[in-house]
Amino acid sequence: MPDQTHKGQLADQAFLFGPEDGRAPEDGATADPIDMQIVASTYRSIVDQDAFEDMIASWAAKLDQIEPETGRRRGLSQQLFGQLMMARHTLETLDIPAENDPLKRAITDVPGPAVVLTPDGRVAMANIAGERAFATKQGAFLDTEVIAPASLQDYTALMRAARGQGNAAQAILTVIPPPETELPPFTAEGYMIAVRGQSGAHVALRSLEIAWEPSVSARLREAFGLSAAEAEVARLFFLLRDIDRIAEARAVSRLTVRTQVKTIMSKVEAPTNVDLMRLLAMIAGREAMGQRGESPVWQDPLGREDRIETPDGRVVTWTWMGARDGRPAVLLRGFPMTYILPPEAEDRLRRAGVKLYALSRPGYGNSSLHKDLDVRQDNQAALRMFLDRVIRQPCLGIGMSNGFVPLLEEQQANPARFHALMAIGYTGVLDRSGIHRLQPIQRTMMRMAAHTPWLAELVAKSAHRMMRQHGVDWYLERAYRTRPLDMRTCQNPEVAALIRNACEHLLKQGHGAFVRDLQLAGAPIDAAIEALTIPLLFLAPVLDGVFDEMRYRQIERRNPRIRVEPVADAGELIFYQQSRLIVDRIIELSRAPQPA
């Protein structure tokens, strides 16, 4: 059955793994000084954002003791096991932490519509009311048609200032929602938000007016006995503040509206119009404040998401880029926080006649995760269903990082499924030695997932809690602080919104997909590499911290159909650093002749 999770933007999720999954405590194992460091840093990491690295370092030292290849067999003591189970229980029962991300706060501490824009006008964040009123979603560009003509100059000046080309740090704007929303124009504040490490500033646009939520009308009917018609008159009185305009809106006489307003005043015990307005404002404000913090669940920024659902509860979703009726190519993302190509890349795919399907693997975005299957079975079931029902012909398969693994397994099971494969970035299976060259966080987490997945999940849930409190930048900074190129990419406002969207695509259902993907990267499918009968291009980023050309050339010797292409000026985020090259190769390989 699908995993049942909370549907928040970065949802909480119950633990998927238990101590029975992997190494259990050993009766003869004794306590070790490192154990005390692990316990202390584990508890601190729940509340202290700077303790996470200490926990990782302690576990790295511990793993050196318990992993078989070290020749040492000291395992988990009963004392350490007991403390870790208590920490696990603590994480399960703690309340969701308050947001400390300045961009997230900008959309959650206001009851009305709010969006945050990157300096180039792309939506970095939006609350639910903001998505509706501004007719946009995260990762898309804001359509300036929603800015009133009289405010457009001030808006343009504010956006120029965000790019360092002016000093208009704030503005008062009129926003005109699209007609289909049936929302009235409203006044909004615009101001800049400086984000640490980024050259440009983000821009927040937030309503200065109190919205009338549908629950306000229901509350008036419930509490004061207003009829449906009277509740509607009260709503229009609050929004229009004019008897004549209310009469026009309802197509009734001025006298009828006056009579209805007097009846409302009597029922709510408001002696004057001013008192009535104050009461309505108080109720609307309280209902609106009940919407604070309500962010949308992850959504496809392209607005093209489609899905397949089966009677047994499996859901497979995808979006696409390029030409609507073009040659199909299928992209599976992996660990790196990359999912959607920049607009200029999509334009090139469109002109080349390629339709690039971006599939959400199990646990990503809105695709269901099935914990009754292991991660390889789950991924293969989802991929096979998508290929059978949607693609229905040989195509190009593209895997980002460990997203390459399901493609390789499916090709081994069904040799006619793809006419070529493409791997982008470190995959795990193409170079097993690369795990020892990963950054400390990734390396330690993969080691834990291989032998004690329940411990990897404990660490992942702690990290996920910090991301919910401090925003995705908390993770990005720790993952890439020792990789200058990747760090600069994260700080580039032109792709920052896409990276944030990719983070939320991975974590929308919780931490589970990440932990299972750690296992996927170590899948024992080396035989599939030797057996490969179609071309495989491996784009290997030179600056990802894992690149070893001598090791990668050995892959070519394992199978002459494999070609390794080192990519300069590229790290783990190669998808955004060398998107032009990636699109070039996708176009070339999609044109490759299919086997007879």
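The values are calculated or read from the model by the stated rules, or taken from the named source; none is laboratory data. Here the structure is a predicted model, which means the values were calculated and not measured. Positions of Cβ are generated from backbone atoms using ideal geometry, with glycine treated the same way; all protein chains shown enter the neighbour counts. Remember, those area values only see protein heavy atoms, side chains included, never the ligands or the DNA or RNA. Shrake-Rupley method; radii C 1.70, N 1.55, O 1.52, S 1.80 Å.
For the reader, a short list of remarks on this structure follows.
- Among the residues of region 341-386, the ones that are aliphatic (A, V, I, L, M) and open to solvent by 10 Å² or more (accessible area, probe 1.4 Å) come to 5 in all.
- Residue in region 320-354 that is farthest from the chain's Cα centre (by Cα), counting only those that are among the aromatic types (Phe, Trp, Tyr) and under 30 Å from Arg443 (Cβ atoms): Phe335
- Some residue of region 319-333 being open to solvent by less than 10 Å² (accessible area, probe 1.4 Å), in contact with a Phe, Trp or Tyr (Cβ under 8 Å, 6 or more places away or on another chain), charged (D, E, K, R) and farther than 15 Å from Leu302 by Cα: yes
- Any chance Gly545 is in contact with a Ser or Thr (Cβ under 8 Å, 6 or more places away or on another chain), touching a residue at least 24 places away in the same chain (Cβ under 8 Å), small (Gly, Ala, Ser) and under 19 Å from Arg432 (Cα atoms): yes
- Total residues in region 541-584 satisfying the condition of being open to solvent by less than 60 Å² (accessible area, probe 1.4 Å) and either in contact with a strand residue (DSSP E or B) (Cβ under 6 Å, 6 or more places away or on another chain) or among the aromatic types (Phe, Trp, Tyr) (or both): the figure is 17.
The rows are residues; the columns are (1) in contact with a Lys or Arg (Cβ under 9 Å, 6 or more places away or on another chain); (2) crowded, with 23+ Cβ neighbours inside 10 Å; (3) hydroxyl-bearing (Ser, Thr, Tyr); (4) part of a helix (DSSP H, G or I).
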position: Ser433; (1), (2), (3), (4): yes, no, yes, yes
position: Gln442; (1), (2), (3), (4): no, no, no, yes
position: Glu457; (1), (2), (3), (4): yes, yes, no, yes
position: Ala479; (1), (2), (3), (4): no, no, no, yes
position: Thr482; (1), (2), (3), (4): no, no, yes, no
position: Ala502; (1), (2), (3), (4): yes, yes, no, yes
position: His505; (1), (2), (3), (4): yes, yes, no, yes
position: Phe514; (1), (2), (3), (4): no, no, no, yes
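- Members of region 95-132 that are open to solvent by 20 Å² or more (accessible area, probe 1.4 Å), among the aliphatic types (A, V, I, L, M) and either at pLDDT below 80 or part of a loop (DSSP other than H, G, I, E, B) (or both): Ile96, Ala98
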